[in-house]
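Here the structure comes first, spelled out in structure tokens, and everything after it is commentary.
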Amino acid sequence: MKPHLLIVEDDEFVQSLLAAYMEKEGFRVSVAASGNEMLGLINGESIDLVLLDLTLPDEDGLTLARQVRARSKTPIIVLTARKGRDDRITALGVGADDYLNKPVDPEELVLRIRNLLGRSDTEASNGTNANQKVSFADFQLDLGGHVLRRTTGETIPLTSAEFNLLSALVNAPNRVLTRAFLLDAISHDDDGPSERVIDVLISRLRKKIEKDPREPMIILTVVGSGYKLGVETS
């Protein structure tokens, strides 16, 4: 299958040029002109890499990069006119894999994309890619297909927020995740729900996957810090 790129760019001319060039290079391309469109596509489709502009009409790209990284390991290349050192440092700090200034040499961009996708393929062979199926306890989470199943084959219905929250935990086994980090995994903007919502979602998830939600073994509370996945993944 062709690698699936998501181009997030509100300038229609730049967006169309990038999309045409990437399609010519053999990629499958989806486009978004806003943060809301971007998150909708990421929630609904399997994306292999995101090309992200920082200046969008409804959201700052740095916030979007942080939110994407909270819910997945999908590679992110920031492609922006911003040349400030602070923006570059912040973007890399929140999880962007690369940072390029416009205008960019398209051949160089393709090489960087292929290098990142090659690295992701290597991670996939080790079971760490965000588009793979991850097993834990008696469940399998299909991160690309957005489906949770028991090992018996039964599908467990999850809301989008529950799925993103569980994905963040599964992507960081044995690591304590703060409520603020988990909030990034489920919300679309900085004015999203309060951290209290995380506790509510955790309670709902436990009712769906724990044998005894009152004595959880899969999603553990770390008092004063947050939550972590308490079982091994494979």
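The values are calculated or read from the model by the stated rules, or taken from the named source; none is laboratory data. Note that this is a predicted model, so its numbers are computed, not measured. Quick reminder, even Gly has a Cβ in these numbers, built from the backbone with ideal geometry, and neighbours come from all protein chains shown.
Six or more apart or on different chains, Cβ under 8 Å: which pairs go from a residue in segment 90-104 that's in contact (Cβ under 8 Å) with a residue 24 or more places away in the chain to one that's in a loop (DSSP other than H, G, I, E, B)? Could you list them? These pairs meet every condition: A91/L54; K102/A81. Among the conditions (1) surrounded by 19 or more Cβ atoms within 10 Å (Cβ to Cβ); (2) at pLDDT below 90, S125 misses just one, which is (1). Restricting attention to segment 175-207, the residues that are of a type outside the set (S, T, Y) and either out of contact with any helix residue (DSSP H, G or I) (no Cβ under 8 Å at 6 or more places or on another chain) or in a loop (DSSP other than H, G, I, E, B) (or both) add up to 14.
Of the residues R196, R206, only one is more than 28 Å from L62 (Cβ to Cβ) and more than 18 Å from the chain's Cα centre (by Cα); which?
R206
One residue alone among S46, S30 is in contact (Cβ under 8 Å) with a residue 24 or more places away in the chain, within 20 Å of S167 (Cα to Cα) and either outside the structural domain of D11 (by TED's automatic domain parsing) or of a type in the set (S, T, Y) (or both), and that residue is S46.
Residues that are surrounded by fewer than 18 Cβ atoms within 10 Å (Cβ to Cβ) and of a type in the set (S, T, N, Q) within segment 167-183 comprise N174, T178, listed in sequence order.
Give the residues of segment 13-53 that are surrounded by fewer than 20 Cβ atoms within 10 Å (Cβ to Cβ) and small (G, A, S), sorted by residue number. Those that are surrounded by fewer than 20 Cβ atoms within 10 Å (Cβ to Cβ) and small (G, A, S): S16, A19, A20, G26, S30, A33, S34, G40, G44, S46.
Sort out which residues of segment 128-156 are part of a loop (DSSP other than H, G, I, E, B), free of Cβ contacts under 8 Å to residues at least 40 places away in the same chain and either touching a helix residue (DSSP H, G or I) at 6+ places or on another chain (Cβ under 8 Å) or not charged (D, E, K, R) (or both), and write them in order of number.
Q132, T151, T152, G153
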